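Have a look at the structure below before the remarks.
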Amino acid sequence: MNRVLRALWPVLSLMLLVAAIAVAASGGSEIVQRQVTYGLIELIAVVALYIFVGNSGLLSFGNVSFMAIGAYVSALLTMRPASKGMLLPGLPELISSAQWPVIPAAIAGGLVASAFAFLAGIPLMRLSGIAASIATFAVLEIVYIGAGNWTDVTGGQNSLIGLPIYSDIWVCLIWSLITIATAFIYQETRSGLLLRASREDIVAARAAGVNVHRHRLVSFVISAFFSGIAGVLLGHFLGTVRIETFYLDLTFAILAMLVVGGMGSLAGAVIGAIVIAVLTEALRRVEAGVDFGIFAVGALPGLGDAVLALAMLLIILFRPKGLSQGREITWPFRAERPSSSKNPSESLADGSRMAPRPMISKPES
């Protein structure tokens, strides 16, 4: 039992941390609950990004596009037919008359995002380095421009309103725990281990027979599914979907969380999301002004963004691997040492220890 707990501790500790934060916030005000709910949605997006970036070593700018796809699919499936007829008169009859329950619609949003990632990933996952990152940014641009001009289905630059609001703190907590558990399970599978091997040395991995393209594609598709789920939860948290929500601001916010926490570990993804979310909220309150009773002190607009940028710069300069240094949370308790030595030759009759005899090498001729 102790061995099982030690093996699962890296993921159990993170799940307990996230659950403790959600439970503590559930007893707070409605504002606190909304802030934590939004933070959990960001955490899902960051962990989803880690599933691909952390295991493959390739930087992706395209995961927010999967969030947009998931949000739009769920919105079209859950909105009332009357609202869709008013906002999207050119929508096909099969979609305009549909009104799915929220859970099947959320899963459908994640699956459609995964299908899109699979088709896009077939050619893109053959690229490496900066070329792969630029290609994922092109995916983001394609989805942004396409959704912004497909007025019959997405409404173009207009917002889709009337989404059922069900993304509360408990729903987002459940999805965040599922995402963290899935990320840990994947990175411990054979596919995840082989993909991380290619991250360390792609030439050696290919020479050993690792199909890098296939394992990258698997990771990309899983990452897209949970990114789609994060988009679904965000849409049903705001009650509206607009393409501007899923663009550069959200892209760089998620990347900042992953970079600050550390791209090389699941603990880094979770810790980075929590730290940046707390820091962002604290800076937002400072910008709004702090009331000391007699007088109030406010900050210059934009201070929060400047401090976050400075924090990222300091992390990159002094801790390039992030706050976690690319490590997982280890078992906090020491293992019990055996009372007797397994090698009798290492113990003397009086119980004292004897150092092992050094091996004497044969002199070179």
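What to note about this one:
- Test: residue in segment 154-177 that is in a loop (DSSP other than H, G, I, E, B) and within 23 Å of ILE122 (Cβ to Cβ): no
- Annotation note: of SER13, SER60, the sole residue that is on the phi < 0 side of the Ramachandran plot and in a helix (DSSP H, G or I) is SER13.
- Test: residue in segment 64-83 that is of a type in the set (Ser, Thr, Tyr), over 15 Å from HIS236 (Cβ atoms) and part of a loop (DSSP other than H, G, I, E, B): no
- When TYR38 is tested against (1) within 14 Å of the chain's Cα centre (by Cα); (2) under 30 Å from HIS215 (Cβ atoms); (3) part of a helix (DSSP H, G or I); (4) not basic (Lys, Arg), only condition (2) is not met.
- When the test is whether a residue is modelled with pLDDT under 95 and in a helix (DSSP H, G or I), VAL23 does not pass it.
- Residues of segment 179-210 that are farther than 16 Å from PHE52 by Cα and surrounded by 14 or more Cβ atoms within 10 Å (Cβ to Cβ): ALA205, VAL210.
- All positions within segment 108-126 that are touching a residue at least 24 places away in the same chain (Cβ under 8 Å) and open to solvent by 50 Å² or more (accessible area, probe 1.4 Å): LEU111, VAL112, PHE116, PHE118, ILE122, ARG126
- Within segment 316-335, restricting attention to residues that are modelled with pLDDT of 85 or more, among the hydrophobic types (A, V, I, L, M, F, W, C) and under 20 Å from the mean Cα position of the chain (by Cα), the residue that is surrounded by the fewest Cβ atoms within 10 Å (Cβ to Cβ) is LEU323.
- Some residue of segment 303-310 being open to solvent by 50 Å² or more (accessible area, probe 1.4 Å) and at pLDDT below 70: no
- Scan segment 12-39 for residues that are under 26 Å from PHE220 (Cα atoms) and either charged (D, E, K, R) or open to solvent by less than 10 Å² (accessible area, probe 1.4 Å) (or both) and the total you get is 3.
- Subset of segment 204-229 [polar (S, T, N, Q) and under 17 Å from PHE184 (Cα atoms)]: SER219, SER223, SER227
- Which numbered condition LEU12 fails, given (1) in contact (Cβ under 8 Å) with a residue 12 or more places away in the chain; (2) under 17 Å from the mean Cα position of the chain (by Cα): (1)
- Unique residue being of a type outside the set (S, T, N, Q), surrounded by 19 or more Cβ atoms within 10 Å (Cβ to Cβ) and touching a strand residue (DSSP E or B) at 6+ places or on another chain (Cβ under 8 Å) when the list is LEU160, LEU173, LEU233: LEU160
- Test result for MET257, at pLDDT below 95, touching an Asp or Glu at 6+ places or on another chain (Cβ under 9 Å) and within 22 Å of MET312 (Cβ to Cβ): yes
- Residue within segment 244-256 that is out of contact with any helix residue (DSSP H, G or I) (no Cβ under 6 Å at 6 or more places or on another chain), open to solvent by 40 Å² or more (accessible area, probe 1.4 Å) and over 19 Å from ALA309 (Cβ atoms) present: yes
The values are calculated or read from the model by the stated rules, or taken from the named source; none is laboratory data. Bear in mind that the values here come from a model prediction, so they are computed numbers and not experimental data. Cβ atoms come from the backbone with ideal geometry, glycine included; neighbour counts cover every protein chain shown. Accessible surface is based on the protein model in full, side chains and every heavy atom, while ligands, DNA and RNA are left aside. Shrake-Rupley method; radii C 1.70, N 1.55, O 1.52, S 1.80 Å.
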